[in-house]
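Below: the structure, in structure tokens.
The values are calculated or read from the model by the stated rules, or taken from the named source; none is laboratory data. Quick caveat, the model's predicted, so the values are computed rather than measured. Backbone-built Cβ (ideal geometry, glycine too); neighbour counts: all protein chains shown. Quick note on the areas: whole protein, heavy atoms, side chains included, nothing else; ligands and nucleic acids left out. Shrake-Rupley method; radii C 1.70, N 1.55, O 1.52, S 1.80 Å.
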Amino acid sequence: MSEIRLAAETRSEFGKGAARRARRAGFVPGVVYGHGHAPVHLNLPGHDLMMALKTPNALLVVPIDGKDEYVLPKAVQREAIKRTIEHVDLLLVKRGEKVTVEVPVHTEGELAPGGNLLEHVLQALPIEAEATHLPEAVTVSVEGLEAGAAIHAKDIVLPAGVSLAVEADAVVLQVIAAQAAPAEEAEEAAEGAEA
């Protein structure tokens, strides 16, 4: 995963009024936590932050006290209607440090014929990896799977240096048989009663 640089500014004003002024100026208020340091309050460029957060578990580089630091988004608060970013909590990480994050599960291939349905039991897979080498997603092949088949966390091939942060037997995907429509079931029941 590549690093995304953001030109953040340290902020000294706090409260709703200061946050509103920052948002009007195109910034998003944020706080950086971690490694026993006192929280650092920042104003981050709104558009650049929004674009960076389109990548899951984006590794951001922000200047703190004149030094570039790595941070991961921990919590993003959005406005309810417009979905604009209102505030972001960032976690300070170091190169080589292992972190636990969730990565999206993508599928490829076609299920066996017969109208089967694929259920995503886990939309995201919890993993542990080095903070500077987080995968954007994991891809799972569902080619030819039939009803009743399940893919467990232990069945997913992970990139080098990545380990599961969930039970190995946890079901990630399962194939279920398509349900018959209620009208068809009623007709079948009526035909069975006549026989």
| query | Looking at Leu90, Leu42, which is the one that is part of a strand (DSSP E or B), under 24 Å from Thr132 (Cα atoms) and more than 15 Å from the chain's Cα centre (by Cα)? | reply | Leu42
| When you scan the stretch 14-34, how many residues do you find that are among the aromatic types (Phe, Trp, Tyr) and open to solvent by less than 70 Å² (accessible area, probe 1.4 Å)? | 1
| message | Just the residues that are acidic (Asp, Glu) and either farther than 11 Å from Leu6 by Cβ or surrounded by 12 or more Cβ atoms within 10 Å (Cβ to Cβ) (or both), please, taken from the stretch 35-90. | response | Asp48, Asp65, Glu69, Glu79, Glu86, Asp89
| remark: When Leu111 is run through (1) surrounded by fewer than 16 Cβ atoms within 10 Å (Cβ to Cβ); (2) under 24 Å from Ala178 (Cα atoms), the failure sits at (1)
| task | Go through the residues of the stretch 158-179 one by one and say whether even a single one is open to solvent by less than 60 Å² (accessible area, probe 1.4 Å), at pLDDT below 85 and among the aliphatic types (A, V, I, L, M). | result | yes
| task | List every residue pair whose Cβ atoms lie under 8 Å apart, where the two residues are 6 or more positions apart in sequence or sit on different chains, the first residue falls within the stretch 112-124 and is in a loop (DSSP other than H, G, I, E, B), and the second residue, located anywhere, is acidic (Asp, Glu) and open to solvent by 50 Å² or more (accessible area, probe 1.4 Å). | result | Ala112/Glu146; Gly114/Glu146; Asn116/Glu146
